[in-house]
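S.K.: Pasting in a structure now, in structure tokens, and then I'll have a few things to ask.
The values are calculated or read from the model by the stated rules, or taken from the named source; none is laboratory data. Just so it is clear, the structure is predicted and the values come from calculations on it, not from any experiment. When we count neighbours, we look across all protein chains shown, and the Cβ atoms used for this are built from the backbone with ideal geometry, even at glycine.
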Amino acid sequence: MNKASKTQANSEENQPEPPQAELPPSQIPLRTLSRKRQADHDSNNDETQPKRAQLTRKNLAAFNKMGKKKASDPTDDSDPTDDSDDPDDPDDSDDSDDSEVAETKTVWSLPSGFASQTYKNRLLPPNHSKPPTNRRDIRRQDAAPRNTASPLEPKHRRYLLRVELAGNEATMLFEVGNKLLKEYNDKGYRYRRAFKQPFTRVPPNAGYNNGLPAPKPDFIEGPDLTTFDRHPIEDVPGAVLYKHDPYSVTLPHIAGEWTISSKDSRGAQMQAAYVGAAMVYARNQALAYIGKSDPPGHAAITTFTTDGEKLDIYAHYAAPHKYDKKILEYHQYRLSTSYLTVKYSQFKEGRKRLREAQDYAKAQSEQLRDQLVQYWEQKDAKLSPVAEGVHQPDARNQQIPRHDEPVPTPRRSDRLRQRQDNPANDT
């Protein structure tokens, strides 16, 4: 082969092959397709293929957190499918931002099944409760002017700041309670307060508390046990709240619940209904002990709920069921709602209403206490004490004078006749 022919042969070998017509995917044999996929996989071994994560709640939470991190640190290359920071993972030792917010912003919790059990115990919510028969008297008292001065507007601005910065329920209770509640300067502190203390002397399965734990209000206020002067107030079921406490709150008529968020207002309202029913039960037992009762539909018990922004005040009473008189229903009627952070005027009005409710509850508690003490004193007076060592005359040998017949006075002529008949009496 000469040099020209070799050059022509090399040029033909170096020329590119003509493109072949591609077959549609439906006509390509499966074996050929599998080989092609394997070849593509082998050619891309050095490249990292992204793993497709499943759409689950855990992965979605991780993805949302990754988005927050990207916004703050664009250089973060963390894996979106990494669940090491998942807030739902019980084995995760690193708390996420959401869990920290949940821990600091709210501590409200109710026992499982609390709502359904309160309904079974006939604790009616406000939308099912009927107004008390004395609601006009209560509202008339709320509208009456107070002798104390209203807080100045700078105090309201400080109040707004404290409510906004309250990070948990305890802070809200302290900050809001000091600004709204009235403090009674009684001698000896015989009208007491208690905070977050469970009732340890309430009788179990009393109807309103069947299947429920002991009530534990955020705030409650009532007379001291010592104000009953050693009378047997412990014989009244539910009157004394705490065991082994000689200064226990006794027969209170007002309680309150605080929340950190408006989302928890439903739970606070149910807790207030439960505590209100406990106070209604104790009041009814005390009245029955002395043979009395409230008029039908009369409300003497008050509760309130607040998240610092809204204040709801409720009136409580018990009444028989409409069709079954043996079943007792506990009503929780909303008397008023005040928005404390909207306007200064509404803050003053809500604060005034709450303090009027405190005064009303204090008057009801002390009136019931005085009725019980008077009952015991009259009962003791009927049992006359017998002194030791003193002979008591026999009542059977004594002639009881009849006060309906006057004793005749002897006339002067009769006395002279007696002297003439018996002259020896004159010597």
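S.K.: Can Lys196 be described as within 14 Å of the chain's Cα centre (by Cα), surrounded by fewer than 14 Cβ atoms within 10 Å (Cβ to Cβ), without any contact (Cβ under 8 Å) to a residue 60 or more places away in the chain and over 28 Å from Lys343 (Cβ atoms)?
M.R.: yes
S.K.: Of the conditions (1) in contact with a helix residue (DSSP H, G or I) (Cβ under 7 Å, 6 or more places away or on another chain); (2) buried (at least 22 other Cβ atoms within 10 Å of the Cβ), Ala268 satisfies every one except a single condition; which number is it?
M.R.: (1)
S.K.: Does at least one position in the stretch 373-380 carry a residue that is surrounded by 11 or more Cβ atoms within 10 Å (Cβ to Cβ), touching a strand residue (DSSP E or B) at 6+ places or on another chain (Cβ under 8 Å) and modelled with pLDDT of 55 or more?
M.R.: no
S.K.: On to the next question. Hey, can you tell me all the residues within the stretch 350-375 that are aromatic (Phe, Trp, Tyr) and within 14 Å of Tyr289 (Cα to Cα)?
M.R.: Within the stretch 350-375, Tyr375 is the sole residue that qualifies.
S.K.: If you take the residues in the stretch 172-184 that are outside any loop (DSSP other than H, G, I, E, B) and in contact (Cβ under 8 Å) with a residue 24 or more places away in the chain, which one is farthest from the chain's Cα centre (by Cα)?
M.R.: Here the residue is Lys179.
S.K.: Continuing with this model, one more query. Could you say which residue among Lys216, Lys243, Lys187, Lys292 is under 17 Å from the mean Cα position of the chain (by Cα), farther than 23 Å from Arg353 by Cβ and surrounded by fewer than 22 Cβ atoms within 10 Å (Cβ to Cβ)?
M.R.: Lys216
S.K.: Test Thr227 against the stated conditions and say whether it is hydroxyl-bearing (Ser, Thr, Tyr) and in a strand (DSSP E or B).
M.R.: no
Residue-wise test of (1) closer than 25 Å to Arg334 by Cα; (2) touching a Ser or Thr at 6+ places or on another chain (Cβ under 6 Å); (3) of a type in the set (A, V, I, L, M).
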residue	(1), (2), (3)
Pro237	no, no, no
Val240	no, yes, yes
Asp245	no, no, no
Pro252	yes, no, no
Glu257	yes, yes, no
Gly276	yes, yes, no
Val280	yes, no, yes
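S.K.: Let me ask something additional. I'd like to check something: does the stretch 326-337 contain any residue that is of a type in the set (Gly, Ala, Ser) and either within 14 Å of Leu123 (Cα to Cα) or surrounded by 21 or more Cβ atoms within 10 Å (Cβ to Cβ) (or both)?
M.R.: Within the stretch 326-337, none of the residues are of a type in the set (Gly, Ala, Ser) and either within 14 Å of Leu123 (Cα to Cα) or surrounded by 21 or more Cβ atoms within 10 Å (Cβ to Cβ) (or both).
S.K.: Looking only at the stretch 201-232, count every residue that is at pLDDT 95 or above and β-branched (Val, Ile, Thr) and tell me the total.
M.R.: The total comes to 1.
S.K.: So in the stretch 276-289, with the set limited to residues that are buried (at least 24 other Cβ atoms within 10 Å of the Cβ), touching a residue at least 40 places away in the same chain (Cβ under 8 Å) and hydrophobic (A, V, I, L, M, F, W, C), which one is nearest to Val373 (Cα to Cα)?
M.R.: Ala282
S.K.: From the set of residues in the stretch 129-147 that are free of Cβ contacts under 8 Å to residues at least 12 places away in the same chain and of a type outside the set (Lys, Arg), which is nearest to Leu340 (Cα to Cα)?
M.R.: Ala143
S.K.: Something else: Return yes when Ala315 is over 16 Å from Asp142 (Cα atoms) and either touching a helix residue (DSSP H, G or I) at 6+ places or on another chain (Cβ under 9 Å) or not polar (S, T, N, Q) (or both) and no when it is not.
M.R.: No.
S.K.: May I pose another question? Could you tell me how many of the residues in the stretch 103-130 are modelled with pLDDT of 90 or more, buried (at least 16 other Cβ atoms within 10 Å of the Cβ) and over 11 Å from Ala273 (Cβ atoms)?
M.R.: The total comes to 1.
S.K.: Separate question: Output the number of residues of the stretch 135-152 satisfying the condition of being part of a helix (DSSP H, G or I) and either modelled with pLDDT of 85 or more or among the hydrophobic types (A, V, I, L, M, F, W, C) (or both).
M.R.: Within the stretch 135-152, residues that are part of a helix (DSSP H, G or I) and either modelled with pLDDT of 85 or more or among the hydrophobic types (A, V, I, L, M, F, W, C) (or both) number 5.
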